[in-house]
1. Would it be correct to say that K240 is surrounded by fewer than 17 Cβ atoms within 10 Å (Cβ to Cβ) and part of a helix (DSSP H, G or I)?
2. Exactly one of (1) within 26 Å of the chain's Cα centre (by Cα); (2) among the small types (G, A, S); (3) at pLDDT 90 or above; (4) within 17 Å of F12 (Cα to Cα) is unmet by S586. Its number?
3. What helices (runs of 4 or more DSSP H) lie completely within region 542-586 and have 1 or more residues being among the hydrophobic types (A, V, I, L, M, F, W, C), open to solvent by less than 20 Å² (accessible area, probe 1.4 Å) and more than 27 Å from S67 (Cβ to Cβ)?
4. Just checking: which of the helices (runs of 4 or more DSSP H) contained wholly in region 415-471 hold 3 or more residues that are in contact with a Leu (Cβ under 9 Å, 6 or more places away or on another chain)?
5. If you check L410, L433, which single one turns out to be among the hydrophobic types (A, V, I, L, M, F, W, C) and open to solvent by less than 30 Å² (accessible area, probe 1.4 Å)?
6. Consider S296 carefully, then state whether it is in contact with a helix residue (DSSP H, G or I) (Cβ under 9 Å, 6 or more places away or on another chain), open to solvent by 30 Å² or more (accessible area, probe 1.4 Å) and either β-branched (V, I, T) or farther than 25 Å from A213 by Cβ (or both).
7. Which of the residues belonging to region 130-158 are closer than 18 Å to P51 by Cβ and touching a helix residue (DSSP H, G or I) at 6+ places or on another chain (Cβ under 9 Å)?
8. Hey, V61 hits all of (1) assigned to a helix (DSSP H, G or I); (2) under 24 Å from I561 (Cβ atoms); (3) touching a residue at least 60 places away in the same chain (Cβ under 8 Å) but one; which does it fall short on?
Amino acid sequence: MQEIREILKNYFGYHSFRPQQEDIIRNVMEGRDSLVLMPTGGGKSLCYQIPALVMKGTAVVISPLISLMRDQVEALRANGIEAAALNSGNDLTDDTIIRRKCLSGDLKLLYVSPERLLNETDFLLKTINISLFAIDEAHCISQWGHDFRPEYTQLNILHERFPNVPVMALTATADKVTRQDILKQLNLRDPKVFISSFDRPNLSLSVKRGMNAKEKLKYIFNFISQRPQESGIIYCLSRKNTEKVCQDLMRFGIHATVYHAGLTTAERNRAQEAFKQDQVQVVCATIAFGMGIDKSNVRWIIHYNLPRSIESFYQEIGRAGRDGAPADTVLFYNLADVITLRSFAEESGQKQVNYEKLDRMQEYAESSVCRRRILLNYFGEETACDCGNCDVCENPPRRFDGTIIVQKALSAVARADEQIRTSTIVEILKGMLSPNVRRFHYQEMKTFGAGKDISTQDWQDYLLQMLHMGFIEIAYDQQNVVKITRQGWDVLHGKMKVQMAVVDRNTEQPKRKKRELHLEIPSIRIPGMEKPVGEEDPKLFEALRALRKQLADAQGFPAYIVLSDKVLHSLAALKPATIEEFGMVSGIGEFKKKKYGEEFTALIRRYK
């Protein structure tokens with residue numbers, strides 16, 4: 001175990017392991033199977049990378065996307081570790097070199113896709129010494145997971161063909177049902193299950209409900225304006241929205257690109273590469289983007305639409321702040337999203353499961369209690385206190401007696417014989433003589449115009465709250481008409497009072513708090529002395545960031561591969577003046593100390 005601690009410091013630059021990492025490493029080195037659940041940015045990769053360096057042979061890592069493999073291999077090589085990937089992006093020469101390195105035992109980690117693994121089972125894999133199998137993104141094997149991939153289901157052959165090789169399954173997002181399915185599908189032998197905390201305290205959590213497209217855009221522009229040079233991702237439900245949001249941002253002078261399944265492979269690769277290299281600040285993307293990127297300096301995530309499930313949401317926000325530095329997340333949520341996603345669930349092959357997952361996502365978005373507690377509870381983790389870093393903790397929602405508002409809306413539905421959609425409810429309440437209103441003579445209703453003093457957007461939000469509280473339901477098998485529930489009839493008949501949330505349409509950005517801009521940075525620990533932490537110097541940080549970009553560009557690396565944002569923040573606070581001090585900063589290993597120490601310390605000395 002002393003050897004693995006030395007590897008941790010020399011190659012990865014860390015002085016100590018995070019919780020459970022050491023136990024997981026010991027378990028695989030003893031030849032035992034394991035299932036590892038650890039949040040994105042929690043250090044899953046080290047759990048198989050360190051054993052791979054210690055054990056004889058080559059560790060085979062199964063990964064779903066070429067881009068994800070490329071990122072992992074790039075990061076390992078930047079730390080002086082021999083790694084490669086077998087995938088369709090290679091030419092014959094690349095594959096030949098990789099095979100020779102595997103046969104000679106020089107390659108410590110080999111990344112492959114599930115399809116390539118199956119093709120190589122009776123060829124390359126049969127002829128080399130394999131130390132372990134690591135199955136990344138293991139939730140893809142389960143039909144209950146949010147990203148099921150049929151090609152993963154054949155991975156149960158690993159123990160049949162390689163009975164003496166330990167198998168490690170790793171994922172950041174799996175509820176209890178998905179966990180059990182992973183164990184069953186992979187036929188793991190007496191596996192040890194490691195579940196780390198799902199808490200990501202460096203991520204702030206915020207929800208903005210009921211905003212229309214114009215209000216969303218204004219909010220996003222203000223949000224990005226406060227974060228110059230900070231990379232972020234905007235997730236949208238449709239390709240059309242990704243294109244529109246991207247165009248709007250570029251009109252404002254923000255460097256943005258678009259990513260969705262409708263683009264060619266070359267176009268998607270260009271967009272991803274531009275984002276990795278910090279050539280663009282923002283990617284506007286569908287959920288097709290992000291699983292294949294290991295960019296550690298993403299500082300914020302915005303969900304333009306409601307995600308389908310908490311697993312999807314958690315994985316997507318997990319792409320921010322992977323380096324442990326503070327990052328922000330914002331979720332927009334309105335009635336149109338709910339109707340669209342429920343329609344998707346209705347048409348899916350797992351209707352009931354998808355309904356339940358969407359219900360839990362709505363509960364998160366509508367919550368009046370700490371949002372982090374809801375996320376942790378979903379993954380089976382309890383916490384005794386509120387987080388203090390979500391919008392509910394910082395600004396608890398204000399409520400009012402909304403009984404009359406609900407009764408007006410329910411009256412419109414009842415008088416229309418429960419045969420109208422939400423859009424028509426608003427038209428009736430607002431007194432709009434739309435074609436649909438005229439056609440069915442809804443203007444003759446007693447309720448017509450009863451809510452003209454309330455804006456259209458607020459009515460849509462109130463209907464969303466009514467849906468969430470169970471006063472109405474949408475009949476997706478009857479062209480999305482609205483039905484009144486039993487509880488709704490009680491409200492309409494005056495048997496029940498209703499408390500509603502005040503709609504917040506503020507698109508301005510609150511001033512960022514000091515605690516969100518600074519990190520807890522450990523002192524530099526050198527035998528015989530300790531260098532104290534000073535105040536982080538923002539100007540020095542920018543100078544260090546410019547130097548990092550220069551060094552990265554010269555090597556064709558993304559900037560975060562050279563040093564993470566968190567390491568730059570540490571350097572800007574600790575100001576190490578010698579190469580020895582530089583090498584003692586958390587996150588800087590022996591390889592990077594020798595490679596970059598002189599240039600960074602020279603800059604710091606000049607600055608001081």
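1. yes
2. S586 satisfies all of (1) within 26 Å of the chain's Cα centre (by Cα); (2) among the small types (G, A, S); (3) at pLDDT 90 or above; (4) within 17 Å of F12 (Cα to Cα) except (3).
3. 565-574, 579-583
4. Answer list for region 415-471: 422-430, 456-469.
5. That would be L410, the only listed residue that is among the hydrophobic types (A, V, I, L, M, F, W, C) and open to solvent by less than 30 Å² (accessible area, probe 1.4 Å).
6. no
7. Scanning region 130-158 gives S131, L132, F133, A134, I135, D136, A138, L158.
8. With respect to (1) assigned to a helix (DSSP H, G or I); (2) under 24 Å from I561 (Cβ atoms); (3) touching a residue at least 60 places away in the same chain (Cβ under 8 Å), V61 is out only on (1).
The values are calculated or read from the model by the stated rules, or taken from the named source; none is laboratory data. Quick caveat, the model's predicted, so the values are computed rather than measured. Cβ: placed from backbone, ideal geometry, glycine included. Neighbour counts: every protein chain shown. Ligands, DNA and RNA are stripped out before the accessible areas are found, and what is left, the full protein with its side chains, is counted by its heavy atoms. Shrake-Rupley method; radii C 1.70, N 1.55, O 1.52, S 1.80 Å.
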